[in-house]
Amino acid sequence: MTRHPEDRTRLHPGYAVPPPLFPPAPWPRLPEVPAPGVVPRRRHRARRVDGAFVSGALTVLGLASLLVAIAVVAVRARP
């Protein structure tokens, strides 16, 4: 069986893609020059918490809760 290119239908991607139901909205054009009298705000970088800070904070909270638990047990043990 030999294949002939004229026996096949053309494979064009446009035939398989239906038209969109809702076309995308056009992009708004940004002004090239800011309006006079407008001062751009400075954006501060968000501070990231490193692992050492998290470890220290968890250690302090753990020790504080341990001391509270010991104090509660000591107060209840009094006659």
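Distance in nm between label sites at L67 and S55, each 7 Å beyond Cα in the beta-carbon direction?
Placing both labels 7 Å along Cα→Cβ, they lie 2.2 nm apart.
Starting from the 7 Å offset along Cα-to-Cβ, what nm value, one decimal, do you get for the label separation of L21 and R45?
Between L21 and R45, the label points sit 4.6 nm apart.
With a 10 Å radius around each residue's Cβ, average the other Cβ atoms per peptide and rank 45-56, 19-30, 62-73, highest first.
Averaged packing, sorted descending, gives the order 62-73, 45-56, 19-30.
Values quoted throughout were computed directly from the atomic coordinates according to the rules given, and no laboratory measurement underlies them. Everything numeric in this text was worked out from a predicted model, so none of it was measured. A quick note on method: Cβ atoms are made from the backbone with ideal geometry, for glycine too, and the neighbour counts reach across all protein chains shown.
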